[in-house]
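Notes follow once the structure below has been shown.
The values are calculated or read from the model by the stated rules, or taken from the named source; none is laboratory data. The structure presented is a predicted model; accordingly, all values stated were derived computationally and were not measured. Glycine gets a Cβ as well: all are built from the backbone with ideal geometry, and neighbour counts include every protein chain shown. Ligands, DNA and RNA are excluded from the accessible area calculation, which covers all protein heavy atoms including side chains. Shrake-Rupley method; radii C 1.70, N 1.55, O 1.52, S 1.80 Å.
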Amino acid sequence: NNFKKNIFLDASINLQFNSINGIVGESGTGKTTFINLLSGLFKSQEGSFMMDSINLKSLTQLTPYIGYVSQNINLSDNSILNNISFETDKNKIDYDKINHLLDILNLNKIIEDLPDGIDTNLGEQGLKFSGGQRQRIAIARSLYLEKKILIFDEATSSLDLENEKKFFEIIKKIKNEKIIVFISHKKSLFDLCENVYEISNCKFNKLK
């Protein structure tokens with residue numbers, strides 16, 4: 001109550017469909033706040049959000065179209081299949097799409113070696129699996145659900161160089177009709193991005 005700080009002030013950023021965007025910045029500059037605003041979790045005190053010249057009062061109405069993958073993966077105590085598809089009716093699941101994603105993300109061999117295959121239970125928060133495997137399952141979920149806005153917050157932090165490279169190739173292929181945003185400190189990732197913004201002094205400064 002006795003201390004207020006502007007996270008963003010006279011700041012603007014333009015995110016377009018069919019683009020891959022990187023966000024960088026020192027700790028505490030506002031990267032997490034930006035994600036929360038974009039996801040509709042936070043409401044701004046001032047300013048506006050425009051989509052195709054339409055002024056949105058808040059971004060909460062975009063929440064159903066946003067896929068978010070962070071380094072802290074949130075997985076349910078359920079099967080790999082249900083964690084990816086979010087579908088209880090197996091007749092509605094697109095198995096061809098899931099198998100394609102598992103192949104691209106280099107998960108198919110791991111799953112094939114499990115006694116129950118894709119029906120294997122992940123356990124609480126997926127702790128039966130490594131950090132890299134959990135991240136790849138979360139990435140598969142966002143890609144399977146075909147969200148229009150994909151946010152990756154340090155989402156490749158547990159991937160080795162080979163799997164990170166494969167993941168980059170996926171992103172390049174699926175960027176059409178999507179807004180893709182990466183929050184990361186890994187410089188290699190920003191070679192993938194068409195636009196890179198640094199958050200500093202309460203503003204978005206375009207680096208690329």
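Summary table below
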quantity	calculated
Among the residues listed as ASP103, ASP113, the single one being charged (D, E, K, R), more than 19 Å from the chain's Cα centre (by Cα) and farther than 20 Å from ILE171 by Cβ	ASP113
Residues that are surrounded by 16 or more Cβ atoms within 10 Å (Cβ to Cβ) and among the hydrophobic types (A, V, I, L, M, F, W, C), drawn from region 32-48	PHE34, ILE35, LEU37, LEU38, PHE42
Near pairs, Cβ below 8 angstrom, 6+ apart or cross-chain, from region 185-208 (free of Cβ contacts under 8 Å to residues at least 24 places away in the same chain) to any residue that is polar (S, T, N, Q)	LYS206/ASN195
Residue count for region 138-173, restricted to those that are modelled with pLDDT of 80 or more, open to solvent by 50 Å² or more (accessible area, probe 1.4 Å), under 19 Å from VAL196 (Cβ atoms) and in a loop (DSSP other than H, G, I, E, B)	0
Residue in region 174-195 that is over 18 Å from ILE23 (Cα atoms) and at pLDDT below 80 present	yes
Meets criteria (touching a helix residue (DSSP H, G or I) at 6+ places or on another chain (Cβ under 9 Å), modelled with pLDDT of 80 or more and among the polar types (S, T, N, Q)) for SER79	yes
Filter result (over 20 Å from GLY30 (Cα atoms) and of a type outside the set (D, E, K, R)) within region 164-192	PHE167, PHE168, ILE170, ILE171, ILE174, ASN176, SER188, LEU192
